[in-house]
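Remarks on the structure that follows.
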Amino acid sequence: MDNAVSSRRGPRFSLAAQLFTAVGTVVAALAVVGLVSVTTLHSVVDDNADLLEAKTGMSESIASLTDALWEARATEYHLNGASDSKIPSLVEDLQKSQSQFEEEFTTFVADYEATFGEEVFGLDLINATWEGYKAAVLSVWVPTDGVEPASDATITGYDITITSLIEEFNYAIDTRIDARTADSAASADSVTWLVTGLLIAGIAVGVTVGWWTTRRITRAAAIVKRSLEAMATGDLTLEATVTSKDEMGEMAESLTKAQGALRETMAEVIDSAQTVAA
């Protein structure tokens, strides 16, 4: 009996605590997976919203830039058919539309750099092309000593080049938006695998803890059962050697004590019977 008592020294780990540990492990794993899933969902939603906002903003900026260019072209077209009396005011309108294009272009460059964190590709080229285009157009309508008016072919060449560069801006924007979309999707896939791994690991740990707890309980119950069956047949020597620090261990210890007490009682009865017989 002393061995049974000494083998159970230490903190008590009740059956309820063992079951709670098994269930709690699964619940904790699911909670972690849920938290990661919610955080990931918010992150993906935020990324998609940022991408949509960036695409919308850049599309609006390009549209404004294109409108300003067409306004300058329209004014130039009106100049070609205008009477001499209207030319000065139309030239003033042309210069205003050209200034408007430059303002829109400055806004576009700032938006592009803020959105993608890099300078507009070909910035120096379009600036040089625009300055050449503006000077060529004005040379026709604002005569300057020593400056020959630009030919229609020269102005058309500048116009075509500027249009092509703006189309390149559209392509660059779409390319970078697509790249960021792909990065966002790849990040979401990575987190999905992480969540799946955490879920599998949590379930595996929960199942392992549950199996270990169940095995401890069933083994202890089987040992106590064998000892009780032996007692039923009159064998008081088969002790329930359960050393777990829980209710099953306490039950086995009590049973061992009861067996010892019964053996002592039986011994006393036998001694008394022998004395009477003598």
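The values are calculated or read from the model by the stated rules, or taken from the named source; none is laboratory data. Everything numeric in this text was worked out from a predicted model, so none of it was measured. Here Cβ is always computed from backbone atoms with ideal geometry, including for glycine, and neighbour counts include all displayed protein chains.
Miscellaneous remarks
- Test for ARG176: is it under 30 Å from SER59 (Cα atoms) and of a type in the set (Lys, Arg): yes
- Hits in segment 238-265 - residues which are in contact (Cβ under 8 Å) with a residue 24 or more places away in the chain, hydroxyl-bearing (Ser, Thr, Tyr) and either surrounded by fewer than 18 Cβ atoms within 10 Å (Cβ to Cβ) or closer than 26 Å to GLY24 by Cβ (or both): THR241, THR243, SER244
- Out of ALA230, ALA182, ALA172, ALA222, one residue alone is part of a helix (DSSP H, G or I) and under 19 Å from the mean Cα position of the chain (by Cα). It is ALA182.
- Subset of segment 233-278 (residues that are part of a loop (DSSP other than H, G, I, E, B), of a type outside the set (Gly, Ala, Ser) and either within 53 Å of the chain's Cα centre (by Cα) or closer than 30 Å to THR213 by Cβ (or both)): LEU238, GLU239, THR241, VAL242, THR243, LYS245, ASP246
- Here segment 51-64 is the region considered, the condition is being among the aliphatic types (A, V, I, L, M) and without any contact (Cβ under 8 Å) to a residue 40 or more places away in the chain, and the residue that is farthest from TYR133 (Cα to Cα) is LEU52.
- Answer residue from segment 65-114, given it is among the β-branched types (Val, Ile, Thr) and touching a residue at least 24 places away in the same chain (Cβ under 8 Å) and is farthest from ASP152 (Cα to Cα) among those: THR107
- Looking at GLY57, GLY157, just one residue is assigned to a helix (DSSP H, G or I) and modelled with pLDDT of 90 or more, and that residue is GLY157.
- Taking each residue of segment 133-157 that is in contact (Cβ under 8 Å) with a residue 12 or more places away in the chain and surrounded by fewer than 16 Cβ atoms within 10 Å (Cβ to Cβ) and looking for partners that are outside any loop (DSSP other than H, G, I, E, B) and β-branched (Val, Ile, Thr) with beta-carbon atoms closer than 8 Å, six or more apart or interchain, yields VAL142/VAL91.
- Given (1) more than 30 Å from SER37 (Cβ to Cβ); (2) out of contact with any Lys or Arg (no Cβ under 6 Å at 6 or more places or on another chain), number of the condition LEU236 does not satisfy: (2)
- Note on segment 158-172: residues that are out of contact with any Ser or Thr (no Cβ under 8 Å at 6 or more places or on another chain) and in contact (Cβ under 8 Å) with a residue 40 or more places away in the chain amount to 6.
- Residue that is nearest to LYS86 (Cα to Cα), among those in segment 138-154 that are among the aliphatic types (A, V, I, L, M) and either outside any helix (DSSP H, G or I) or at pLDDT below 90 (or both): VAL142
- Test: residue in segment 215-232 that is under 30 Å from ALA31 (Cβ atoms), surrounded by 11 or more Cβ atoms within 10 Å (Cβ to Cβ), in contact (Cβ under 8 Å) with a residue 24 or more places away in the chain and out of contact with any Lys or Arg (no Cβ under 9 Å at 6 or more places or on another chain): yes
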